[in-house]
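Right, one structure below, let's go through it.
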Amino acid sequence: MSRLYVYAVVGGTVRRRLGRGLSGELIRLVRCGTVRAAVGDMDAAPAVTPTNLRAHDAIIRRLAKKANALLPARFGSLVDDDGALQDALAPRATELGQALALVEGCEQMTLRVYGGARLPEKAAADDVPPGLGPGARYLAARLRARRVPEIEPLRRALGGLVRAERAERHGTRPLIASVYHLVPRGRTRAYRAAISRTRADLGNVRVRASGPWAPYAFAPERLA
Amino acid sequence: MKRRRRRADSDLVEHADASLLDVVDHLLNKGVVVTGDVMLGLAGVDLVYLRLSALLCAADLIAPPRRPRR
């Protein structure tokens, strides 16, 4: 029995002829309250293979060129039918609409941050506002470390090129953090140039920039 | 020659399997979660994570961090 595979949530103007999906199916739009979803009819979720992942990303890239604003769905998102999709997304239309407004006209650049010394708690604590108790200072220092202060020189160099940022620290060295930047379309060359200019200012920390990507990291992940 | 080889090494990290890390992260770990359960086929999962683990090690082996000057 055919089900519905969800590729993305889209907003604003969407140019028609969305093309075909992973199984060769025609991709169409389903209205869910005030947002729309790009979907295809599929019997089962695609297997997780490098080939399928890359093919899915290629489809997302193509859809992103046809929509003013797009939020990719997670790979493997399968629902029973249009009604089930509307039940899932319509109640969250406000949240999704805000996320679509944020990413409108933008692409994502991804930074992988490697190496570097473990940010000592004392160093992080030195930047914590004074007047806090020891417990609050500890938590504030931990929060500061999660913001990936290692790339602060990059942030200064990027300046107005970044509309929004998401950051994650990792416990798996040599990869210490991932940082996702929302960059206006057409500005990714300037973004890469700023990265290249500033690499030498990072000490023993190395960064790898990739993109542009669709704004994967700026989609609301959980629809509670 | 040494600088050219180092640049080539960093390009290797940037353009080869490094892209699979990005694809795996973006597609499996990000994006709108439409339903509570994401149904994924299991074929190839081991391959994806094995290569991901190898990549995490490869980055440091290919371009080890500079040692501080004494």
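The values are calculated or read from the model by the stated rules, or taken from the named source; none is laboratory data. None of these values were measured; they are calculated from a predicted model. All Cβ positions, glycine included, derive from the backbone under ideal geometry; neighbour counts span all protein chains shown. Please note that ligands, DNA and RNA were not included when accessible areas were found on the heavy atoms of the full protein model with its side chains. Shrake-Rupley method; radii C 1.70, N 1.55, O 1.52, S 1.80 Å.
Relative to the isolated chain, which residues of region A:172-186 have their accessible area cut by 40 Å² or more in the presence of all protein chains (1.4 Å probe, heavy atoms, no ligands or nucleic acids)?
Going by heavy-atom accessible area, the residues of region A:172-186 that drop by at least 40 Å² are A:Pro174.
Tabulate in residue order the Karplus-calculated ³J(HN,Hα) for region A:190-197, using 6.51 cos²θ - 1.76 cosθ + 1.60 with θ = phi - 60°, rounded to whole Hz; enter x for Gly and Pro.
Those phi angles translate into 4, 4, 4, 5, 5, 4, 4, 5 Hz.
Given a 1.4 Å probe and every protein chain left where it sits, what share in percent of the accessible area of region A:32-97 is carbon and sulfur?
The C+S portion of the solvent-accessible surface of region A:32-97 is 48 percent.
Rounded to the nearest 100 Å², what's the accessible area chains B and A bury against each other, both chains counted, probe 1.4 Å?
About 3700 Å² of accessible surface is lost on pairing.
Under the rule of at least 5 residues apart or a separate chain, name every residue whose amide H is placed under 5 Å from the amide H of A:Ala73.
A:Ala8, A:Val9, B:Val32
Given a Förster distance of 25 Å, report the FRET efficiency between A:Leu132 and A:Glu152 from their Cβ-Cβ distance, rounded to the nearest 0.05.
0.70
Which cross-chain or sequence-distant (5 or more) residues have an amide H under 5 Å from the amide H of A:Ala177, H modelled 1.01 Å from N in plane?
The answer is A:Val113, A:His170.
Using 0.36 nm per residue of separation minus the Cα-Cα distance, give me the extension gain between A:Thr49 and A:Glu168 in nm, one decimal.
That works out to 40.4 nm of additional length.
How crowded by other chains is A:18-28, given as the mean number of beta carbons from other chains within 10 Å of each beta carbon?
0
So what J values fall out for region A:46-61 if you push phi through Karplus, 6.51 cos²θ - 1.76 cosθ + 1.60 with θ = phi - 60°, rounded to Hz, Gly and Pro as x?
So the Karplus estimates, Gly and Pro as x, are x, 5, 7, 10, x, 4, 5, 4, 5, 5, 4, 5, 4, 5, 4, 4 Hz.
Once R0 is set to 30 Å, what does the formula 1/(1 + (r/R0)^6) return for the Cβ-Cβ distance between A:Ala93 and B:Asn29, expressed as a FRET efficiency to the nearest 0.05?
FRET efficiency, A:Ala93 to B:Asn29: 0.80.
Output the peptides A:6-12, A:54-60 sorted from most to least packed, where packing is the average of other Cβ atoms within 10 Å over each peptide's residues.
Packing order, densest peptide first, comes out as A:6-12, A:54-60.
Quick one: what does P(r) look like for region A:183-224 with 5 Å bins over all Cα pairs, in whole %?
Going from the shortest bin to the longest, the percentages are 5, 17, 22, 18, 15, 13, 7, 3, 1.
Between A:Leu29 and A:Arg189, what FRET efficiency comes out of the Förster formula 1/(1 + (r/R0)^6) with R0 = 25 Å and r the beta carbon distance, rounded to 0.05?
0.20
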